[in-house]
There are 2 protein chains.
Amino acid sequence: MPNLNIPDTNLPRVVVIGGGFAGINLIKELKDSDHQVVLLDKHNYHTFQPLLYQVATAGLEPDSVAYPLRNIFKKHRNFYFRMAEVSRVNPARQEVYTNIGPLHYDHLVIATGSETNYFGIDGVARDGLPMKSVPEALNLRSVILQNFEAASLTTDLQERERLMNYVIVGAGPTGTELAGALAELKTHVLPHDYPDLDFRRMSIHLIEMADKVLPPMSEFSSRNALKYLQSMGVQVWLETAVKDYDGSMVHTNREKTLPASTLIWAAGVKGRVLEGLPEDSMEKGRYLVNETHQVKGLERIYALGDVAAMKSEAYPQGHPMLAQVAIQQGKNLANNLKRAAKSKGLRPFRYKDLGTMATVGRNRAVAELYNRFKVRGTLGWYMWMGVHLLGLVGFRNRLVTLFNWLINYFSYDRKIRLIIRPVNRLKSGEKKLGLAQQEETIQST
Amino acid sequence: MPNLNIPDTNLPRVVVIGGGFAGINLIKELKDSDHQVVLLDKHNYHTFQPLLYQVATAGLEPDSVAYPLRNIFKKHRNFYFRMAEVSRVNPARQEVYTNIGPLHYDHLVIATGSETNYFGIDGVARDGLPMKSVPEALNLRSVILQNFEAASLTTDLQERERLMNYVIVGAGPTGTELAGALAELKTHVLPHDYPDLDFRRMSIHLIEMADKVLPPMSEFSSRNALKYLQSMGVQVWLETAVKDYDGSMVHTNREKTLPASTLIWAAGVKGRVLEGLPEDSMEKGRYLVNETHQVKGLERIYALGDVAAMKSEAYPQGHPMLAQVAIQQGKNLANNLKRAAKSKGLRPFRYKDLGTMATVGRNRAVAELYNRFKVRGTLGWYMWMGVHLLGLVGFRNRLVTLFNWLINYFSYDRKIRLIIRPVNRLKSGEKKLGLAQQEETIQST
């Protein structure tokens, strides 16, 4: 049907691709402006990615970190949501093409975020597990629990060790937080569930190419995070890169090999770009944009957040791929669209760095505010929790998350150890399926 | 590996198939007795089935109605859990055969519960949706939301109506509660999400073969439940049976046809029986058991709950398939196993009917206590909530469920409207996939 059954009005139509941090903050700010806004997303919910690692480690339910997109904007007039996957853009015709039909736009905002980047390592792409979406986090939760069920069954000690070993690649916030959460599972939770397994044999390896964990943070924070990780039993391998993985053995650049049936890849992302835009509008998988978010050479097309590279003196490679950048860019573009409608001049984007933080475990976090104040330990942990609670969309999600955290804190437990949809993985030794194929063969009995 | 890697001891081994109400209450009661207990279940969690309808209608998250089985018994000595699907029993060799290997037993308890019974109606088995497990409830949640996304896209009014119509077959507690929950979604929630759809066109049909809703309850309760359903806009068709379904049109025995792309089947269950036991040990899909739960002709094999038919004067067809029966039978068998170990006489099972209840909507429930006290309305609703909260396993689940109910009550909302794993259904007119095939093709991007 024409234009996805969205009425044609005399308001200019802003089509936003992606309901992540950039997209939802843009649309919130456009409320009651003279635009028709259409949001396209392949999911019907917004994902709060910073807490996905807690879903994967049975600390939070998936429904706490996801929020229905239609509900966010239910008080907006002239707003339309369509669950659709965009395949291509035609800038000359001002149209996007989706799995449910074409759509004409007056302004197009590309806020598609990023996807996992395996840097061409085929073995990792095939047998490694990513953690960028709710289904991927749920798959990881299933795999972790299925590993221990399988370990209970085998009498082959080497096989059992492989099943109980975890290799996490990338010591950014995601990898660091996941390693800490796994270490807490190992110490406090899993030994009760599996009394016949010897948990001294469970190893958690964190591999990082740089010479410190949390590379973008200060020396102070990195040193403290490393100390926390080591005190919790995580084995950290700095200045180490993964070369290959065959589903049971991780090969690194240091002649070090690690036996592990689970490798979690948190070492890189790349912009999720669309087909149909000129090659010279992007660089290294991100759209080159000017200070008012316009994609190079394309007047009515904008890019925000992870998929945009706005180069400046302060950020010669573009801004870091962080939620804060996406949020601020979304708001700035919305204000510029409103200003343009009133024929006012556009405001260039200026990034206000509020700081970064990462939590390793209970009472163990590092935080840097405005890149000046450095906090660690219990205080950092409280700050981390406060910021993440406020970042969640919706009162219900915040409340349920807070209660889960309180219960987890006092019980030292993680109750959501459910294998709702087992992931099909063949026995080690046989050829394992990569996640793409695993997803096709998910059993849901 | 031999005996699923479970050590051989000189304690008698009790193998329990199924972690439902019967199985977990049996095992709880066997704590610290002189038995080795092995629980087999194809899931690693217990499912609180009475609240699955709230998962399907976005009121509760799946993780609140499921609880990890290992966690329930973590303080039991000589307890082993194995995630396994049992395919066959060999009573002569005292062995069960599973997808992960064989296991020898001294006592075998069959507590496999029930499965959906389509009574040979092929069209319903192919295109209808059941709701007996967490994945099935999640699939139903996805289908409901996907229907409205699809209805937003079509300009064909007949097609839109089919997508917005729901036919629920069976007005037992499950069907009645689901119909009420859908009516609340229609009234309070969905119109905000889909302002471009006309919700007067959404119909909820409840079809029942008997001449009243909630057939096992009293006239008083049935009449009140019917009144509640009708006041909420549910169209109830009594003395009506579904004859066939082709994925878009429901055919009944009354020359009445209803257009609907979604048919939810809550009209019948049958015992989930195993292969390998003699034919004359079962009748109508349930194992015939004596007053001490022993399956007819098989001394060391017991059956409990939905899969067992213990015929008596009061219950000539065996007990009703209710949680209460399963719980009480599990406890009685556990006590008998303990008595037998001390060479004491066995106690015959006596069912104590505590009553039945069903909720239709906010402040609208019916309850019968000890089959004497009849309650309805707000008081019945509070009682229903109290009983179901206490029935949930685990403090976290109870607390999170209570908070969700409070939030739902005050906000008139159901926030968990997430399509986490879309169910692949082809467009109406094309041949649709039955759930079995849908599950194989679930996309989880």
- Message: Here is a list: B:60, B:52. Which entry is buried (at least 24 other Cβ atoms within 10 Å of the Cβ) and farther than 26 Å from residue B:242 by Cα?
- Response: B:60
- Task: Find the residue count for segment B:394-411, including only residues that are more than 24 Å from the chain's Cα centre (by Cα) and over 17 Å from residue B:382 (Cα atoms).
- Result: 1
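Only one of A:147, A:139 is in contact with a helix residue (DSSP H, G or I) (Cβ under 6 Å, 6 or more places away or on another chain) and not aliphatic (A, V, I, L, M). Can you tell me which?
Details: A:139 fails: in contact with a helix residue (DSSP H, G or I) (Cβ under 6 Å, 6 or more places away or on another chain).
Only one candidate passes the filter, namely A:147.
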- Query: Which ones in segment A:256-308 are under 27 Å from residue A:139 (Cα atoms) and hydroxyl-bearing (Ser, Thr, Tyr)?
  - Reply: A:257, A:261, A:262
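Looking for something more than 28 Å from residue A:262 (Cα to Cα), within 13 Å of another protein chain (Cβ to nearest Cβ) and modelled with pLDDT of 95 or more - is there at least one such residue anywhere in segment A:29-36?
Taking segment A:29-36 first, the residues more than 28 Å from residue A:262 (Cα to Cα) are A:29-36.
With within 13 Å of another protein chain (Cβ to nearest Cβ) added as a condition, the list becomes A:36.
Next cut, modelled with pLDDT of 95 or more only: A:36.
The answer is yes, given that some residue of segment A:29-36 is more than 28 Å from residue A:262 (Cα to Cα), within 13 Å of another protein chain (Cβ to nearest Cβ) and modelled with pLDDT of 95 or more.
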- Sole residue being surrounded by fewer than 21 Cβ atoms within 10 Å (Cβ to Cβ) and either in contact (Cβ under 8 Å) with a residue 40 or more places away in the chain or among the acidic types (Asp, Glu) (or both), chosen from A:352, A:311, A:338, A:344: A:338
- Item | The one condition in (1) at positive phi; (2) at pLDDT below 95; (3) over 23 Å from the mean Cα position of the chain (by Cα) that residue B:155 fails to fulfil | (1)
- segment A:232-257, residues that are touching a residue at least 40 places away in the same chain (Cβ under 8 Å), over 30 Å from residue A:284 (Cβ atoms) and not β-branched (Val, Ile, Thr): A:232, A:233, A:248
- Criterion violated by residue B:64 - all others in (1) of a type in the set (S, T, N, Q); (2) under 25 Å from the mean Cα position of the chain (by Cα); (3) at pLDDT 95 or above satisfied: (3)
- Task: Would you mind listing the strands (runs of 3 or more DSSP E) fully within segment B:191-308 where at least 2 residues are on the phi < 0 side of the Ramachandran plot, touching a strand residue (DSSP E or B) at 6+ places or on another chain (Cβ under 8 Å) and surrounded by fewer than 21 Cβ atoms within 10 Å (Cβ to Cβ)?
- Result: B:235-237, B:242-245, B:249-252, B:257-259, B:269-271
- Query: Based on what the data block shows, is residue A:155 under 30 Å from residue A:298 (Cα atoms) and of a type in the set (Ser, Thr, Tyr)?
  - Reply: no
- Search segment A:131-162 for residues being more than 18 Å from residue A:194 (Cβ to Cβ) and small (Gly, Ala, Ser), and hand back the single one that is surrounded by the most Cβ atoms within 10 Å (Cβ to Cβ). A:137
- Query: What number of residues in segment B:314-335 are touching a Ser or Thr at 6+ places or on another chain (Cβ under 9 Å) and surrounded by fewer than 17 Cβ atoms within 10 Å (Cβ to Cβ)?
  - Reply: 1
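The values are calculated or read from the model by the stated rules, or taken from the named source; none is laboratory data. The structure presented is a predicted model; accordingly, all values stated were derived computationally and were not measured. Backbone-built Cβ (ideal geometry, glycine too); neighbour counts: all protein chains shown.
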